Each structure stands twice: as structure tokens, then as C-alpha cells.
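The structure appears right after this line, and notes come after that.
The values are calculated or read from the model by the stated rules, or taken from the named source; none is laboratory data. Note that the coordinates shown come from a computational prediction; the quantities given were computed from them, not determined experimentally. Here the Cβ positions follow ideal geometry from the backbone for every residue, glycine too, while neighbour counts run over all protein chains shown. We work out accessible area using only protein heavy atoms, side chains counted, and drop any ligands, DNA or RNA first. Shrake-Rupley method; radii C 1.70, N 1.55, O 1.52, S 1.80 Å.
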Amino acid sequence: MLADQLDYVVGVDPHRDSHALAVVHVQSGVVVFQATVIADSDGYAHVLRLVELHAPGRRAVAVEGTGSFGAGLTRFLTARGERVLEVSRLRRERRSGGKTDALDAVRAARSVLTEQRPSTPRAGGERQALQALVAAREGAVNAKRAGLCQLRDLLITTPEPLRSQLRPLTRTRLLQRLAATRPHGRGDAELRGSLLALRSIARRVLQLTAEERELARDIETLTRKLAPQLLEQPGVGPHAAAQLVLSWSHQGRISSEAAFARLAGAAPIPASSGQTIRYRLDRSGDRKLNRALHMILVTRKRSHPATIAYIQRRLQEGKTRREANRCLKRYLARSLYRLLEHGAPLAT
């Protein structure tokens with residue numbers, strides 16, 4: 001267990017403007033030191049000085065939220081050789097136990113002591129750059145979708161005969177026509193206002209489309225550099241491969257392919273009752289990773305001969321189509337994990 005390997009654990013409860021830390025002595029469980037520091041470069045350096053002063057010897061820093069408010073501190077300590085552990089969302093104790101940032105820091109430190117293989121933070125470097133690109137593209141796609149929905153709603157109430165002229169157009173021609181329209185010369189106030197609104201939304205959608213395509217090219221370039229072996233697999237496109245890399249992070253972080261399947265929501269769980277013997281898939285874990293596996297399987301079931309043959313064989317054995325899909329998702333998680341673990345290590 002981790003408690004047998006350390007003398008001190010430093011728990012950190014990070015926030016936007018400040019971080020609360022607590023130094024816990026492993027053998028006695030006593031809180032040796034507590035403090036609050038500013039969440040900036042000077043504060044991170046102060047944390048390191050406090051850790052070296054109050055936690056000499058074997059130590060680790062347990063940070064809650066290493067991918068959000070604790071990202072800066074995690075990056076700073078990792079670069080200076082400190083062992084940083086990732087703390088998942090803490091379960092709050094009973095209300096009688098109280099809740100403060102200082103108590104959360106103590107709970108973060110004590111939560112890792114009973115673990116045999118605590119989680120490590122996700123990699124930075126190019127993986128972090130890929131995460132930023134994926135987040136930006138997702139925002140552009142969502143905004144574009146919202147713009148198209150708004151455009152569709154406005155077209156319903158557009159005055160005639162303009163409504164009849166616009167309805168037969170394809171999306172591309174509709175956006176181009178609306179973006180090039182000049183409504184200021186219209187005498188009808190209602191028609192002029194409708195055209196102004198439609199033109200604004202159409203130009204916004206076109207701009208978001210160009211932005212999304214540019215980000216998609218950058219994502220594909222970086223993904224092809226980080227994990228080219230994924231893109232060689234049938235049904236694995238740049239966006240699915242990018243999500244696989246983001247969820248997996250780096251070699252050694254996920255202990256086994258079974259743990260990766262659990263993270264992906266593809267681990268079979270017994271759901272038997274009486275004479276009915278069946279399994280279902282775990283619904284927890286990273287849902288974005290689960291969606292990536294699902295979309296890969298959707299593509300393979302249409303065009304991959306081996307996948308189509310496997311489903312037919314399972315159906316002939318008496319399995320339902322849903323059970324066959326579960327088996328496929330579990331197999332896919334295993335094969336993709338092996339490709340990630342045995343590929344070239346990511347740059348950090």
C-alpha cells in the first residue's frame with residue numbers, strides 16, 4: 001500500500017485564487033502543518049518550500065482536480081521532481097464532520113493512503129495542446145449547431161414570398177445567399193429586420209464552420225504525430241483517436257486493459273437473476289471515451305467485414321444484437337489499449 005512507501009502526504013484543495021494544503025504524517029495520521037497560498041507562480045514556489053520544510057524524506061503531494069484548478073501547481077511540482085498523485089472527487093463526510101478548504105486538504109491527503117495504485121495526473125505537453133484544440137472545436141461545433149437551430153426557427157416566421165424562396169435551398173446555398181443579402185434597402189420594416197437577423201446568423205455559422213475545419217486539421221495533425229497507430233485502425237478517425245489519447249494520457253497511467261475498459265464504460269458487470277445469466281456494461285467512467293468507442297463500432301458495423309462476420313456469428317449462437325455489441329465494445333477497448341501502451345511514448 002502507498003502508506004508503506006511514504007513518510008508524509010501533502011493534501012491540496014485547489015481553488016481559483018488560493019490553494020489550501022495540509023501535511024499529514026503517515027504513521028501517526030497527525031496533521032503536521034496547514035497553510036493557504038496564492039494560486040500563482042510565487043505561491044507554487046512557496047508550496048514547494050513549505051513541503052521541503054515540513055515533509056522531509058519520502059513524500060507525495062495529493063492534489064484534487066489536477067486537470068482544473070490544480071493544473072498549475074501539478075505542472076510546477078512535477079517539473080521539479082515531486083511525486084504528485086491525483087485525487088478523485090472527494091466524498092463529503094457527514095455534516096457533523098464540517099466542511100472547509102483546510103478539512104478538504106486533510107481529506108485529500110488521507111484518501112490516497114489506503115490505495116495500492118493511486119492515480120497519477122494526466123500528461124501535459126502535446127497532450128495538453130490536443131485537449132485545448134478538442135475543447136475549442138467542440139465549442140465551435142456546439143455554437144454552430146445552436147446557430148443552425150436558430151436559423152431554422154427564424155425561417156418559419158419569415159414573411160412571404162421570401163419564405164417560399166428560401167425553403168427549397170440546400171443548407172450551403174441558403175447560408176451563402178443569406179450571408180450576401182443586403183436588407184437595408186427594403187421598405188418593409190418586418191422584412192428588413194428578418195433579413196438582418198438571418199444574415200447575422202448565416203455569417204456566424206459560416207465563420208464557425210471555417211473555424212471548426214481549421215481546428216479539425218490541427219487536431220488531425222497532432223493526433224497523427226502522437227498516435228499514428230490508432231489512425232491505421234478501421235473506423236478510427238482523427239476525432240475518435242484524439243479522445244482516446246486524451247483519456248489514456250500516457251504509458252503506465254492505466255494499469256491494465258481491464259482498467260481501461262472500466263474507464264471507457266466497457267467493462268462487463270454481472271446482472272444475473274434466477275436462471276437468467278447475463279451481463280451489462282459499466283455505465284460509469286469517461287463518457288466521452290465511451291462515445292468514441294461507440295462511434296468506431298458504428299463505422300465498423302457498416303464497412304468492416306470482420307466486425308460484420310462477428311456479429312452474424314454471435315447472432316447464430318443465440319446472442320442478441322445488444323449482447324454482441326457489448327462483446328465488440330469490450331474487445332475494442334482491449335485492442336486499442338494495447339496499441340496505446342505499446343506505441344511511442346508521448347512528448348510531455
Next on the checklist: From zero outward in steps of 5 Å, how is the percent of C-alpha pairs of region 244-348 spread across the bins?
Outcome noted: 2, 12, 21, 21, 19, 13, 7, 3, 1, 0, 0
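Given a cut-off of 23 Å, name the pairs among Lys144/Lys225; Lys225/Lys301; Lys301/Lys329; Lys144/Lys301 whose C-alpha atoms lie farther apart than that in the structure shown. Provide the component values of the computation, followed by the final result.
Values: Lys144/Lys225 28 Å; Lys225/Lys301 27 Å; Lys301/Lys329 12 Å; Lys144/Lys301 29 Å.
Checking Cα-Cα distances, Lys144/Lys225; Lys225/Lys301; Lys144/Lys301 exceed 23 Å.
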Item to check | Geometric extent, Cα atoms of region 46-199 - Rg, Dmax (angstrom) | outcome: 27.7, 81
Checklist entry - Any idea how far apart Tyr331 and Gln251 come out in nm if each label point goes 7 Å out from Cα toward Cβ? => result 2.7
Checklist entry - What percent does the relative contact order of region 37-94 come to when contacts are Cα pairs within less than 8 Å and at least six residues apart? => result 33
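Per residue, what accessible area does the chain have, given a 1.4 Å probe and all protein chains present, in Å²?
Working: 19490 Å² over 348 residues.
Each residue of the chain exposes 56 Å² on average to a 1.4 Å probe.
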Checklist entry - In straight Cα distance, which lysines are under 22 Å from Lys99, not counting same-chain residues fewer than 8 positions off? => result none
Checklist entry - How high is the relative contact order of region 1-103, given as a whole-number percent (alpha carbon pairs under 8 Å, six or more residues apart)? => result 28
Next on the checklist: On the principal axes of its Cα set, how long, how wide and how thick is region 291-348? Give whole Å, largest value first.
Outcome noted: 47, 19, 18
Item to check | Cα centroid separation - region 139-197 against region 39-73, whole Å | outcome: 53
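May I ask you to derive the relative contact order of the chain, considering only C-alpha pairs under 8 Å and at least 6 residues apart, and to give it as an integer percent? Walk me through the numbers before you get to the answer.
On the way: 488 pairs, mean separation 48.1, N = 348.
The normalised contact order for the chain reaches 14 percent.
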Item to check | Theoretical ellipticity at 222 nm over the chain - DSSP helices of four or more residues, -39500 (n - 2.57) apiece, nearest 500 | outcome: -17500 deg cm²/dmol
Item to check | Among 302-310, 261-269, the order from most to least packed when residues are scored by Cβ within 10 Å on average | outcome: 261-269, 302-310
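In square nanometres, what is one fourth of the surface area of the convex hull spanned by the alpha carbons of region 110-208?
Details: hull surface 44.5 nm².
Dividing the Cα hull surface by four gives the mean projection, 11.1 nm².
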Item to check | Amide H contacts of Glu64 (H built 1.01 Å from N, under 5 Å, at least 5 apart or other chain) | outcome: Val12, Val87
Next on the checklist: Ignoring ligands, DNA and RNA, please state the percent of accessible area on region 185-305 from carbon and sulfur, probe 1.4 Å.
Outcome noted: 49
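What is the extension gain from Asp282 to Arg80, computed as 0.36 nm multiplied by their sequence separation minus the C-alpha to C-alpha distance, in nm to one decimal?
Working: separation 202, 0.36 × 202 = 72.72 nm, distance 3.78 nm.
Additional length available on full extension: 68.9 nm.
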Checklist outcome for this item: extent check for region 196-265: Cα max minus min per principal axis, descending, whole Å, gives 57, 24, 21
Next on the checklist: Testing the spin-label approximation: label points 7 Å from Cα along Cα→Cβ at Gln316 and Ala259. State their distance in nm.
Outcome noted: 4.0
Checklist outcome for this item: Under 15 Å by backbone N from the virtual spin label 7 Å along Cα-to-Cβ at Ala271, the residues of region 305-341 are 320-330
Checklist entry - Over the chain, what per residue volume does the convex hull of the Cα atoms give, in whole Å³? => result 236
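Glu126 to Ser164: FRET efficiency via 1/(1 + (r/R0)^6), r the Cβ-Cβ distance, R0 41 Å, to the nearest 0.05? Show your work: numbers first, answer last.
Details: r = 52 Å, r/R0 = 1.27.
Here the calculated transfer efficiency is 0.20.
Determine the share of region 113-153's accessible area contributed by carbon and sulfur atoms, expressed in whole percent, with a 1.4 angstrom probe.
Working: 1140 of 2270 Å².
About 50 percent, which is the carbon plus sulfur part of the accessible surface.
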